[in-house]
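Down below is the structure, laid out as structure tokens.
The values are calculated or read from the model by the stated rules, or taken from the named source; none is laboratory data. What you see is a predicted model, and the numbers here were worked out from it, not measured in a lab. Glycine gets a Cβ as well: all are built from the backbone with ideal geometry, and neighbour counts include every protein chain shown. For the accessible areas, the whole protein counts, side chains as well, though only heavy atoms, and no ligand, DNA or RNA atoms are used. Shrake-Rupley method; radii C 1.70, N 1.55, O 1.52, S 1.80 Å.
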Amino acid sequence: MTRNPLLEAEENNFLGTGSLTDAEVAEFKATVDYLRAVIPAAFGLEWNDPIFSGDGYVVTEVPRSSGGRFFDGYRGVRKTAKGYVAMTASERNSESGSVTFSRFEDAVKGYAAGVIGSFRMELSGRYLGYVAWMWNGTTGPGVVTESLNPPYDTDFRFYLRDDPSAWLEGDKVAATLSHGLGMSIPSFIAVIIAHPAVTAKDATAWPKPVRP
């Protein structure tokens with residue numbers, strides 16, 4: 001499979017370790033195609049962020065401003081020594097990823113949540129759009145929570161009781177992404193688009209913002 005690297009993501013390769021397989025890149029591209037189909041139906045807006053893939057990452061780039069001259073950012077999945085990270089990069093080429101997944105497919109779900117969350121934020125206001133809040137901080141069914149740094153309890157591993165090899169690691173907010181551990185990628189996307197807490201017009205259904 002021919003790879004089409006993105007310069008800014010290539011410059012951040014030091015943040016990752018290892019290579020993605022062609023099958024993983026193909027799975028990401030299939031997810032992007034699926035998002036391109038469901039986003040217009042859900043939000044009435046087109047989503048055409050171009051896709052790029054390098055040795056250890058696959059991303060979609062936010063369309064460049066001013067006729068393609070200025071880099072605005074990207075989001076995607078990068079392979080690391082520990083697993084896979086759903087990451088984003090800013091216009092300053094600063095890449096960050098706060099949640100690590102043991103399985104590539106779950107990192108893709110985290111990526112998809114970020115894409116859909118960007119539409120929710122635009123349409124529903126500053127706080128209503130955070131997909132991470134839609135299960136009110138709860139873990140998914142059959143998910144076990146393990147603190148990685150007791151007694152401080154700021155970092156956790158969330159894993160399936162029936163399959164401990166399926167896990168993600170992050171802070172308390174990452175708990176909500178554990179709902180996807182037992183779902184397929186299309187099923188997870190369908191749920192976070194149609195979830196009542198996300199589609200509700202009443203912002204009081206959401207947790208109160210920490211900051212004004």
> Does Ser94 fit the bill of being open to solvent by 50 Å² or more (accessible area, probe 1.4 Å), of a type in the set (Ser, Thr, Tyr) and under 22 Å from Pro5 (Cβ atoms)?
Replying inline: yes
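Hey, could you check segment 171-189 for residues that are among the small types (Gly, Ala, Ser), out of contact with any Asp or Glu (no Cβ under 7 Å at 6 or more places or on another chain) and not in a loop (DSSP other than H, G, I, E, B) and say which is surrounded by the most Cβ atoms within 10 Å (Cβ to Cβ)? Let's see the steps before the verdict.
Here is the first cut: in segment 171-189, the residues among the small types (Gly, Ala, Ser) are 174-175, 178, 180, 182, 184, 187.
Checking which are out of contact with any Asp or Glu (no Cβ under 7 Å at 6 or more places or on another chain) leaves us with 174-175, 178, 182, 184, 187.
Among the residues that remain, those that are also not in a loop (DSSP other than H, G, I, E, B) are: 174-175, 178, 182, 187.
Working: Ala174: 22, Ala175: 21, Ser178: 27, Gly182: 16, Ser187: 12.
If we take residues in segment 171-189 being among the small types (Gly, Ala, Ser), out of contact with any Asp or Glu (no Cβ under 7 Å at 6 or more places or on another chain) and not in a loop (DSSP other than H, G, I, E, B), then Ser178 is surrounded by the most Cβ atoms within 10 Å (Cβ to Cβ).
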> Any chance segment 55-69 includes a residue that's surrounded by fewer than 21 Cβ atoms within 10 Å (Cβ to Cβ), within 15 Å of the chain's Cα centre (by Cα) and over 24 Å from Ala23 (Cβ atoms)?
Replying inline: yes
> Within the bounds of segment 57-72, is there any residue that is modelled with pLDDT under 90, part of a strand (DSSP E or B) and aromatic (Phe, Trp, Tyr)?
Replying inline: yes
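I'd like the full set of residues that are of a type in the set (Ser, Thr, Tyr) and in a helix (DSSP H, G or I), limited to segment 21-52. Break it down into steps so the answer makes sense when it comes.
Just the residues of segment 21-52 that are of a type in the set (Ser, Thr, Tyr), to begin with: 21, 31, 34.
If the condition is that a residue be of a type in the set (Ser, Thr, Tyr) and in a helix (DSSP H, G or I), then Thr31, Tyr34 are the ones that fit.
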> With Leu6, Leu45, Leu35 as the choices, which residue is open to solvent by 40 Å² or more (accessible area, probe 1.4 Å) and touching a residue at least 60 places away in the same chain (Cβ under 8 Å)?
Replying inline: Leu45
